[in-house]
Amino acid sequence: MKLDVQTLDAKKAGSVDLSDFVFALKPRTDILHRMVNYQLAKRRAGTHKTKGRSEIAGTTKKMYKQKGTGGARHGNKKVPQFRGGGKAFGPVVRDHSHGLTKKVRALALRHALSTKAQAGSIIVLDEAKLPEPRTKAVKDAFAKLGITSTLIVDGSQLDENFALAARNIPHTDVLPIEGINVYDVLRRDTLVLTKAALEALEARFAS
């Protein structure tokens with residue numbers, strides 16, 4: 001697949017050939033679904049916690065005699081039936097993450113990139129750099145390129161001025177190539193890759 005390389009002023013700056021190995025797969029939603037679940041599960045803090053019966057502060061003295069009251073038999077007030085008692089089967093601190101093989105994770109990224117390529121939602125920039133961190137300059141560039149919701153992926157080193165200016169714009173993420181991931185690729189309408197990011201991406205899957 002051949003794409004035009006554009007500047008931030010929406011002018012043509014050459015063209016590039018996208019690797020079929022990375023950008024021409026038939027997208028599989030099952031693999032993408034597994035990967036998104038994997039990423040979101042890893043993000044969960046897992047710090048939810050309620051006190052169980054054994055953790056409640058209170059006396060263990062029997063509330064009233066076993067027989068003759070006409071009521072149910074109870075040992076102490078820490079049981080879940082009573083106000084202030086422990087929670088039965090409540091959440092505990094835990095790790096929600098689960099395993100996913102390295103090969104499946106790499107395949108999922110290729111499928112996500114292929115999804116964007118087949119939808120015509122990839123823009124290749126020659127570079128993402130600004131002389132000064134001005135958000136208006138980035139907004140004007142996005143308007144020329146027709147971008148409203150985007151993930152911008154640069155090389156291993158982000159241009160600080162561009163990153164500072166772009167972070168003020170809603171629905172815009174800027175990541176170095178090491179941070180590219182399936183969830184962020186899919187949740188934005190347009191994927192913007194710089195030439196440096198594209199070269200690093202294709203080298204990553206070629207090795």
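The values are calculated or read from the model by the stated rules, or taken from the named source; none is laboratory data. Keep in mind it's a predicted model, so treat the numbers as computed, not measured. Virtual Cβ from ideal backbone geometry, glycine too; neighbours counted across all protein chains shown. Remember, those area values only see protein heavy atoms, side chains included, never the ligands or the DNA or RNA. Shrake-Rupley method; radii C 1.70, N 1.55, O 1.52, S 1.80 Å.
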Discussion item. Quick check on region 67-89: of everything there that is open to solvent by less than 80 Å² (accessible area, probe 1.4 Å) and among the polar types (S, T, N, Q), which residue is modelled with the lowest pLDDT?
Written reply: Asn76
Item to complete: Answer yes or no: is there a residue in region 109-120 that is free of Cβ contacts under 8 Å to residues at least 40 places away in the same chain and not in a loop (DSSP other than H, G, I, E, B).
Response: no
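Each row is one residue, and each column tells you yes or no for (1) in contact with a helix residue (DSSP H, G or I) (Cβ under 8 Å, 6 or more places away or on another chain); (2) assigned to a loop (DSSP other than H, G, I, E, B).
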site: Asp9; (1), (2): yes, yes
site: Gly14; (1), (2): no, no
site: Met35; (1), (2): yes, no
site: Leu40; (1), (2): yes, no
site: His48; (1), (2): no, yes
site: Thr59; (1), (2): no, yes
site: Gly70; (1), (2): no, yes
Worksheet item: Hey, among the residues in region 49-66 that are polar (S, T, N, Q) and more than 14 Å from Val79 (Cβ to Cβ), which one's surrounded by the most Cβ atoms within 10 Å (Cβ to Cβ)?
Response: Thr50
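Going by the structure shown, is Val36 closer than 30 Å to Ala112 by Cβ, at pLDDT 90 or above, of a type in the set (A, V, I, L, M, F, W, C) and open to solvent by less than 50 Å² (accessible area, probe 1.4 Å)?
On the way: closer than 30 Å to Ala112 by Cβ: yes; at pLDDT 90 or above: yes; of a type in the set (A, V, I, L, M, F, W, C): yes; open to solvent by less than 50 Å² (accessible area, probe 1.4 Å): yes.
In short, yes.
I need the full set of residues from region 100-115 which are open to solvent by less than 70 Å² (accessible area, probe 1.4 Å) and in contact with a Phe, Trp or Tyr (Cβ under 8 Å, 6 or more places away or on another chain), in order please. If you could, list the steps in order and put the result at the bottom.
Our first condition is that a residue be open to solvent by less than 70 Å² (accessible area, probe 1.4 Å); within region 100-115, this holds for 100, 104, 106-115.
Scanning region 100-115 gives Leu100, Ala106, Arg110, Leu113, Ser114.
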Worksheet, complete the sentence: How many residues of region 10-33 are open to solvent by 100 Å² or more (accessible area, probe 1.4 Å) and of a type in the set (A, V, I, L, M, F, W, C)? The answer is 1
Worksheet item: Going by the conditions given, is Val22 β-branched (Val, Ile, Thr), farther than 17 Å from Thr115 by Cα and modelled with pLDDT under 95?
Response: no
